[in-house]
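The values are calculated or read from the model by the stated rules, or taken from the named source; none is laboratory data. Here the structure is a predicted model, which is why all the values come from computation and not from measurement. When we count neighbours, we look across all protein chains shown, and the Cβ atoms used for this are built from the backbone with ideal geometry, even at glycine. Side chains included, ligands, DNA and RNA excluded: accessible areas come from the protein's heavy atoms. Shrake-Rupley method; radii C 1.70, N 1.55, O 1.52, S 1.80 Å.
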Amino acid sequence: MRARQRFRTGAAAVALLCAAAFAGGCSASVPADGTRSVPAASKPGPRPTPKPAPKPTPKPAPVWNVSPGSVAAVGDSITRAYDACTVLADCPEVSWATGTDAAVNSLALRLLGPGGVAGRSWNLARSGARMAELPEQMAAAAARRPELVTVMMGANDACRARAEDMTPVADFRASFTAALGKLRAGAPKAQVYVSSVPDLRRLWETGRVVPMGRQVWKLGVCGSMLADPEDLGPAAEARRRTVRDRVVAYNGVLREVCAKDPHCRYDGGAVFAFAFGPAQLSPWDFFHPGRDGQARLAEIAYRQVTASGPPR
């Protein structure tokens, strides 16, 4: 009985002590919102602001060499100077790209001088070639490790017997892309100058007023554009428009694919925009550039290759 009384008395004392503690100090250690306070020394400090990751330094763009020491030319009959100084034959000595004729003053002659053209320039073009052949020509160019490769290709893809026979744009793109790949496999740092395809409609406008030109064209020269040169009817005009549109599309491909290669420079449409006159055409077929036309092409190429920046 006494033990039970002592237990009750002790329990009451403990309760009183707890009540006193609650009344006097619990509010200091337990905030009104019910959360337990943390001593200032144990509170975590503000987290440091993370530093942004350093941005990678962009690689400098390759510098275009305006005075390359060797030149390889690929392409078709224009680069071979077909019908430029003799009838129905190549005349590479007056080629705009690698010719030795002083009157033409080819790109290679301007860059390398008379002594360098023979040993450090190569004309690998073939008359009649179309874009599908360019990968093979580019592989041959890469084997010579040139510092500059000139490309003029595409006129034969548009100049077919009929407009329906023109090379599809997708095939043209695939072949040109493959050609640059062939070059890069063997000559990864060779510079490439790409000429635009000439405006074939302008050629028709120039030559159709020349009686001899009209007669020669009847033999089947570039039928897709030059057939029935005096026919101004809607069907003939639609055909010519179709061919011109295809040339424009080809030039778009050359520009776009070249832009993806840091060592490639497209002429910005300079050859397409050039206003060839009768004096620049071959006196035998009124289609290919003659000696004067080759000289004009050499001027355009030299201006583009030696410019401090790409054409706009």
Working carefully through the options Ala143, Ala129, find the one that is modelled with pLDDT of 95 or more and farther than 14 Å from Ser70 by Cα.
Ala129
Of residues in segment 141-173 being buried (at least 16 other Cβ atoms within 10 Å of the Cβ) and out of contact with any Ser or Thr (no Cβ under 9 Å at 6 or more places or on another chain), the one farthest from Val197 (Cα to Cα)
Ala142
Might you let me know whether segment 280-295 holds any residue that is touching a Leu at 6+ places or on another chain (Cβ under 7 Å), within 26 Å of Ala178 (Cβ to Cβ) and buried (at least 23 other Cβ atoms within 10 Å of the Cβ)?
no
Restricting attention to segment 296-312, which residues are assigned to a loop (DSSP other than H, G, I, E, B) and open to solvent by 40 Å² or more (accessible area, probe 1.4 Å)?
Thr306, Ser308, Pro310, Pro311, Arg312
Among Asp101, Asp76, Asp90, which is modelled with pLDDT of 95 or more, in contact with an Asp or Glu (Cβ under 7 Å, 6 or more places away or on another chain) and either over 19 Å from Ala190 (Cα atoms) or open to solvent by less than 80 Å² (accessible area, probe 1.4 Å) (or both)?
Asp101
